[in-house]
1. Run the reach check for Lys41 against aspartates and glutamates, Cα to Cα strictly under 19 Å, same-chain hits fewer than 8 apart removed. What comes back?
2. Quick one: helix 7-50 against the long Cα principal axis of the chain, what's the angle to the nearest 10°, folded into 0 to 90?
3. What ranking, highest mean first, results for peptides 50-56, 20-26 when packing means the other Cβ atoms within 10 Å averaged over each residue?
4. Length gain on complete extension for the stretch Ser18 to Glu31, per 0.36 nm per residue less the alpha carbon to alpha carbon distance?
5. Which angle from 0 to 90°, rounded to the nearest 10, does the C-alpha axis of helix 55-64 make with the longest principal axis of the chain?
6. Based on DSSP H runs of at least 4 residues, each adding -39500 (n - 2.57), what is the mean residue ellipticity at 222 nm of the chain after dividing by all its residues, to the nearest 500 deg cm²/dmol?
7. Compute the angle between helix 66-101 and the longest alpha-carbon principal axis of the chain, please, reported from 0 to 90 degrees and rounded to the nearest 10.
8. Please work out the C-alpha center-to-center distance from the range 34-52 to the range 55-98 and express it in whole Å.
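Bear in mind that the values in this text are calculations on the coordinates, not laboratory data. Because the structure is predicted, anything quoted here is derived from the model rather than measured. Neighbour counts are summed over all protein chains in view; Cβ atoms, including those assigned to glycine, are modelled from backbone coordinates with ideal geometry.
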Amino acid sequence: MPIFYNDEERRAWNLAESLAEQAEESMREAEDALETWKTGKEMNRLRCIRKGISESDAEIRWSASTTAKNAITNNGFYVGLATMYYGAASAHYSRALYLRSLGGRPMAA
């Protein structure tokens with residue numbers, strides 16, 4: 001746990017930590033959506049091969065499916081959300097560092 005110089009610095013740091021955790025959770029959701037897309041694409045490719053459908057046609061069929069569209073949409077949404085949270089966390093970390101630069105004596109943790 002870092003040592004803080006004042007309560008305002010502590011609040012800014014804690015908020016930044018909380019926002020970074022939310023960003024990480026959003027990235028996990030984005031990764032899950034991407035994994036859903038990859039797995040579905042491969043399963044569709046194998047199913048189409050068994051039916052004698054070419055790989056290019058399998059790709060077209062997969063990209064037109066609702067599952068593929070939802071997975072890509074979810075991935076984009078959660079990546080955007082994570083970007084927003086990381087940006088907000090960065091701003092609050094910067095604020096905490098600025099407040100630290102003002103000096104003073106450290107507070108007890």
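1. Leaving aside aspartates and glutamates fewer than 8 places away in the same chain, those within reach of Lys41 are Glu29, Glu31, Asp32, Glu55, Asp57, Glu59.
2. Taking the Cα atoms of the chain, the angle to 7-50 is about 10 degrees.
3. Highest-to-lowest ranking by the protection proxy: 20-26, 50-56.
4. Additional length available on full extension: 2.7 nm.
5. 50 degrees
6. So the helix-based figure for the chain works out to -30000 deg cm²/dmol.
7. 10 degrees
8. 22 Å
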